[in-house]
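A short write-up of the structure that comes next.
The values are calculated or read from the model by the stated rules, or taken from the named source; none is laboratory data. Treat the numbers as computed from the prediction; the structure is a model and nothing was measured. Cβ placement follows ideal geometry from the backbone for every residue including glycine, while neighbour counts extend to all protein chains displayed. Just the protein is used for accessible areas: all its heavy atoms, side chains included, with ligands, DNA and RNA removed. Shrake-Rupley method; radii C 1.70, N 1.55, O 1.52, S 1.80 Å.
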Amino acid sequence: MSETPTRDQSRDNAMSVAAISSERIETEDNAWTRRLVFFLRIMAVISVAKGLYHWAQVTGFIGGEEDAFENQPMAWQTATVYFAVIELVAAVGLWLATPWGAVVWLTTVVSMAVIELMFPGIYGGSLMVVGLEALMLAAYLALAWMAARERPP
């Protein structure tokens with residue numbers, strides 16, 4: 001009375017191969033999301049470079065004796081340590097494309113722009129730095145908006 005169901009072996013084999021296959025089906029449905037992730041990865045590499053640059057300033061790998069970390073004003077030291085830490089944290093979050101990574105990165109972008117504009121005595125008040133930060137922020141917002149539009153509500 002107990003009948004064992006017969007299974008289609010080809011279907012089972014195809015399902016198991018598809019489950020472990022490393023090839024993903026690429027569609028154009030998520031093109032903006034892929035562009036956003038690519039942008040976030042580029043920003044992660046830039047954040048690592050900026051974070052390591054600030055750590056090089058703290059540790060004395062760059063600059064001369066007169067530019068040593070100990071000889072700088074307290075405001076400069078504080079800002080440099082802040083960016084040395086937060087840029088690397090942002091880089092990890094950006095590389096993983098996590099929401100907190102974007103938030104930490106946005107914090108670094110806005111912080112650098114504010115320091116350059118409001119406290120020019122710390123890093124020199126370069127408008128070029130502010131412009132680059134604003135350009136990166138605008139690019140992120142545009143890509144995030146386009147990526148959000150391609151997802152169904």
Exercise. Take the range 59-109 and flag every residue that is among the aromatic types (F, W, Y) and over 10 Å from the mean Cα position of the chain (by Cα).
Key: F61, F69, W76, Y82, F83
Quiz item: Tell me, which residue of the range 83-103 that is open to solvent by less than 30 Å² (accessible area, probe 1.4 Å) and among the aliphatic types (A, V, I, L, M) is nearest to I46 (Cα to Cα)?
Solution: A91
Quiz item: Among the numbered criteria (1) open to solvent by 60 Å² or more (accessible area, probe 1.4 Å); (2) in contact with a Phe, Trp or Tyr (Cβ under 9 Å, 6 or more places away or on another chain); (3) outside any helix (DSSP H, G or I), which single criterion is violated by G125?
Solution: (1)
Quiz item: Applying the selection to the range 38-82, what residues are farther than 30 Å from Y140 by Cα and open to solvent by 90 Å² or more (accessible area, probe 1.4 Å)?
Solution: F61, E65, E66, E70, N71, M74
Practice problem: For the range 111-122, name all the residues that are open to solvent by less than 70 Å² (accessible area, probe 1.4 Å) and small (G, A, S). | Solution: S111, A113
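Based on this model, can you work out whether L137 counts as more than 22 Å from V81 (Cα to Cα) and either within 18 Å of the chain's Cα centre (by Cα) or not polar (S, T, N, Q) (or both)?
yes
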Self-check item: Set W105, W95, W100, W32: member being in contact with a Ser or Thr (Cβ under 7 Å, 6 or more places away or on another chain) and within 30 Å of P152 (Cβ to Cβ)
Solution: W105
Self-check item: Residue list for the range 77-98, filter: closer than 15 Å to M112 by Cβ and either among the hydroxyl-bearing types (S, T, Y) or part of a loop (DSSP other than H, G, I, E, B) (or both)
Solution: T78, T80, Y82
Quiz item: Is it the case that the range 69-78 has a residue that's over 28 Å from N30 (Cα atoms), touching an Asp or Glu at 6+ places or on another chain (Cβ under 9 Å) and not aromatic (F, W, Y)?
Solution: yes
Quiz item: Quick one: would you say T108 is open to solvent by less than 50 Å² (accessible area, probe 1.4 Å), touching an Asp or Glu at 6+ places or on another chain (Cβ under 8 Å) and either more than 18 Å from A84 (Cβ to Cβ) or touching a residue at least 60 places away in the same chain (Cβ under 8 Å) (or both)?
Solution: yes
